[in-house]
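The values are calculated or read from the model by the stated rules, or taken from the named source; none is laboratory data. Everything numeric here is computed off the predicted structure, so don't read it as measured data. Here Cβ is always computed from backbone atoms with ideal geometry, including for glycine, and neighbour counts include all displayed protein chains. These accessible areas exclude ligands, DNA and RNA; they are computed on the full protein's heavy atoms, side chains included. Shrake-Rupley method; radii C 1.70, N 1.55, O 1.52, S 1.80 Å.
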Amino acid sequence: MSMETTEQTRKTLSIDAPDVFTSVPLQLNVLLIEDSVVDAKTLTGIAGKCQYHNFQFNRVASLAEARERLASPTYDIIVCDLGLPDSKGIDTLLQVREHSRDIPILVLTGDNEFILGVELLKSGAQEYLVKGTFNSDTLERCVRYAIERHKSAENLQQMVDSLVEANDRYETSHSMLEEVNGLLREEIESRKEIEAALRNAQARSRVLFEEAPVPLWELDCSRTLALFNKTRSTGVADLGEFFKTNPSEVVRCVSLMSTLDINFAALTLFGAASKSELGDKFLMTFTEESFNAVIDCLVLLSQREPVIQTETTVRKLDGQETSILMQWSIAEGHEEDLSRVIFSPIDISERKNIEQQLLQAQKLESIGQLAAGIAHEINTPTQYVSDNTFFLQKAFGGMLKAINSLKDTFENAIEGPLDDEQIKQTKKSLKKAKLDYLSKQVPRALEQSLEGLDRIATIVAAMKEFSHPSEGEKAHVDLGKAIEGTVTVARNEWKYVAEVVTEFDPELPPVPCLRDEFNQVILNTVVNAAHAIADKLGEGASEKGTITINTHLTPPWAEIRISDTGTGIPEKVREKIFDPFFTTKGVGKGTGQGLAISHSVVVDKHQGEIDVESTMGQGTTFIIRLPLEAKGGDK
């Protein structure tokens, strides 16, 4: 291109295309990361129709090739497809971004999902285009926007450098003043363009906020932070505990937050007609439980935790309560004063209902599995009680005949001398009654019958204790007694393969928990232990394994350890054992729900912990920790 042509192009740009940014070169060296030859040709064809810029494409077809090219970056911009042979989705963008911090990225995607676009911009892309929906003008504008946004920070620094240089030139030579002024004008224009781009970005951000499918509530928490700092200065170390023990302070603390904006999804969740209505009734949306949860989250925010989430309940404007996942995050640039915090209350009531249905299904499944075993456990003592009763009935008949014979002999002896025949008949009756034999066997039969009845009573009491509903309210439970009852109910599951050893800490006080759901956790773990031991021993084994259950007082926790001498859990699957529907058992033996439900009961409903320790070939230990005191908001 001749100098005359270049000058003519510059004039055309300045007259016909006032929106072209001065920091974007006309000749653009582009790294195109695209495995599809068809898509690459389509893009280069569109680029060839661009009016103001010439694109020099350097195409690679994989992420590995892209890394090699980026080892010595000489590119003005990267155009990247998300679906590559060796990388897929957002991960592709993240890896390209890692190797090209100084180069703007324009993403090509075939997905027109709004949420994906948000995720791309959050993950480091400067702009994105949906395949099949853009032309040369759109491509050229998006490329300029991407490069300009990337260079905005550099331009600001360049402006400062240019001002310093201008000042130096002014002091050294007045003749260069016009040139310096020209540079200043260029920089001012650049700044205006940057500010315009920033306004556009802010407008797009506001659109994303309003149209987001999840509820978003933008809050100013700076006054709450000031209250926290003032309270700390008085010597209060535990802010959460201080506010929770002073209910009026909790309300005051939350009321200091002011609403900046609310999106449509939040209005829908709370049933509000307008932003002003929901903002005015902000305090009415919190229950006693959620007030305490908000305090916990705000304390963590004041400690500069970037994102906090917890489950709680809120109240809609019609008074109906619903379960939510409460998420809090600090907007970038507002970490010091918390003047812009995003509160996202996500409705999880449907998920909670499904979890409750799964728990009920697990209970019914457990009862179904245990029914035959419990029937067998009751049938055995019932059988020998029945046999002994029949024996006692027969023995009593013989003894009654002997007694009647003795009675007749005694009455005859009173009236006069006995004849030989009567004495002979009495001796015969006594001999037939086998009194010596019965004197030994009857007490033994009675003792066995009492033992059988006691065993039946124990099983029935354990079953009643196991199935007793907690109705969603926590009560102080003797963990040792609850565990003993559950082990009794499940006896038929383990008695053929293991011995159960229990050791309960006498210092452990009653612990607040949901009795029936805690029993379900113990049952799931004991049954799993029995199955693991059975798998290790194999069929027809004469020896047995051992299931050991201990409780310990380890403030602030009550700790339960359930150990077995089974097969152990492979290390590669230990991280998955609490996932729903994951199981290592054969088809028909496991649903994959037992440990998932146990995790939900311990962690979500009791704010406790559940961990596992396992050695292949030696066995597994599950450690369950429950708080000694109910958390704030718990019933």
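Restricting the first member to segment 307-318 and to residues that are farther than 15 Å from residue 215 by Cα and open to solvent by 60 Å² or more (accessible area, probe 1.4 Å), and the second to residues that are hydroxyl-bearing (Ser, Thr, Tyr) and modelled with pLDDT of 85 or more, the beta-carbon pairs closer than 6 Å and six or more apart or on different chains are 307/329. The residues of segment 413-425 that are part of a helix (DSSP H, G or I) and either open to solvent by 60 Å² or more (accessible area, probe 1.4 Å) or modelled with pLDDT of 75 or more (or both), listed by number, are 414, 415, 420, 421, 423, 424, 425.
Just give me the residues in segment 319-337 being open to solvent by 30 Å² or more (accessible area, probe 1.4 Å) and assigned to a loop (DSSP other than H, G, I, E, B), in sequence order. Matches in segment 319-337: 319, 320, 332, 333, 334, 335, 336, 337. Taking the listed residues 185, 204, 223, the one that is part of a helix (DSSP H, G or I), surrounded by 12 or more Cβ atoms within 10 Å (Cβ to Cβ), modelled with pLDDT of 75 or more and not aromatic (Phe, Trp, Tyr) is 223, with no other qualifying. Looking at residue 593, is it closer than 17 Å to residue 514 by Cβ and at pLDDT below 90? Answer is no for this residue. The set of residues in segment 153-176 being modelled with pLDDT of 75 or more and either closer than 30 Å to residue 123 by Cβ or touching a His at 6+ places or on another chain (Cβ under 8 Å) (or both) consists of 159 alone.
Among the residues of segment 364-400, those identified as open to solvent by 70 Å² or more (accessible area, probe 1.4 Å), over 15 Å from residue 449 (Cα atoms) and at pLDDT 75 or above are 394, 396, 400.
Is it the case, given these coordinates, that residue 259 is open to solvent by 10 Å² or more (accessible area, probe 1.4 Å), touching a residue at least 40 places away in the same chain (Cβ under 8 Å), over 30 Å from residue 608 (Cβ atoms) and in a strand (DSSP E or B)? In short, yes. Scanning segment 84-130 for residues that are closer than 20 Å to residue 214 by Cα, under 26 Å from the mean Cα position of the chain (by Cα) and open to solvent by 70 Å² or more (accessible area, probe 1.4 Å) yields 113, 114, 115, 119, 122. Residues in segment 546-576 that are free of Cβ contacts under 8 Å to residues at least 24 places away in the same chain and surrounded by 18 or more Cβ atoms within 10 Å (Cβ to Cβ): there are none. Has segment 60-82 got any residue that is under 18 Å from residue 143 (Cα atoms), of a type in the set (Gly, Ala, Ser) and either at pLDDT 90 or above or open to solvent by 40 Å² or more (accessible area, probe 1.4 Å) (or both)? The answer is no; no qualifying residue exists. Pairing each residue of segment 469-481 that is basic (Lys, Arg) and in a helix (DSSP H, G or I) with any residue that is modelled with pLDDT of 90 or more and open to solvent by less than 90 Å² (accessible area, probe 1.4 Å), provided the two are 6+ apart or on different chains, yields C-beta distances under 9 Å for 481/504. In segment 145-156, the condition of being under 20 Å from residue 39 (Cβ atoms) and surrounded by 14 or more Cβ atoms within 10 Å (Cβ to Cβ) is met by at least one residue. Candidates in segment 24-78 are the residues that are out of contact with any strand residue (DSSP E or B) (no Cβ under 8 Å at 6 or more places or on another chain) and among the hydrophobic types (A, V, I, L, M, F, W, C); of these, the one that is farthest from residue 94 (Cα to Cα) is 50.
Selection of first residues in segment 524-535 that are over 13 Å from residue 619 (Cβ atoms) and of second residues that are in a helix (DSSP H, G or I) and open to solvent by less than 10 Å² (accessible area, probe 1.4 Å), restricted to Cβ pairs under 6 Å at least 6 apart or on distinct chains, gives the following pairs, ordered by first then second residue: 524/598.
In the set 507, 539, only one residue is part of a loop (DSSP other than H, G, I, E, B) and more than 26 Å from residue 618 (Cβ to Cβ); that residue is 507. Does residue 428 satisfy being farther than 28 Å from residue 621 by Cβ, at pLDDT below 75 and in a helix (DSSP H, G or I)? Spelling it out, it is not the case that residue 428 is farther than 28 Å from residue 621 by Cβ, at pLDDT below 75 and in a helix (DSSP H, G or I). Pairing each residue of segment 133-144 that is closer than 10 Å to residue 50 by Cβ with any residue that is open to solvent by 10 Å² or more (accessible area, probe 1.4 Å), provided the two are 6+ apart or on different chains, yields C-beta distances under 6 Å for 136/46; 136/49; 136/50; 139/46; 140/50.
Go through the residues of segment 275-282 one by one and say whether even a single one is out of contact with any strand residue (DSSP E or B) (no Cβ under 9 Å at 6 or more places or on another chain), modelled with pLDDT under 85, closer than 22 Å to residue 223 by Cβ and open to solvent by 20 Å² or more (accessible area, probe 1.4 Å). Among the residues of segment 275-282, not one is out of contact with any strand residue (DSSP E or B) (no Cβ under 9 Å at 6 or more places or on another chain), modelled with pLDDT under 85, closer than 22 Å to residue 223 by Cβ and open to solvent by 20 Å² or more (accessible area, probe 1.4 Å), which makes the answer no.
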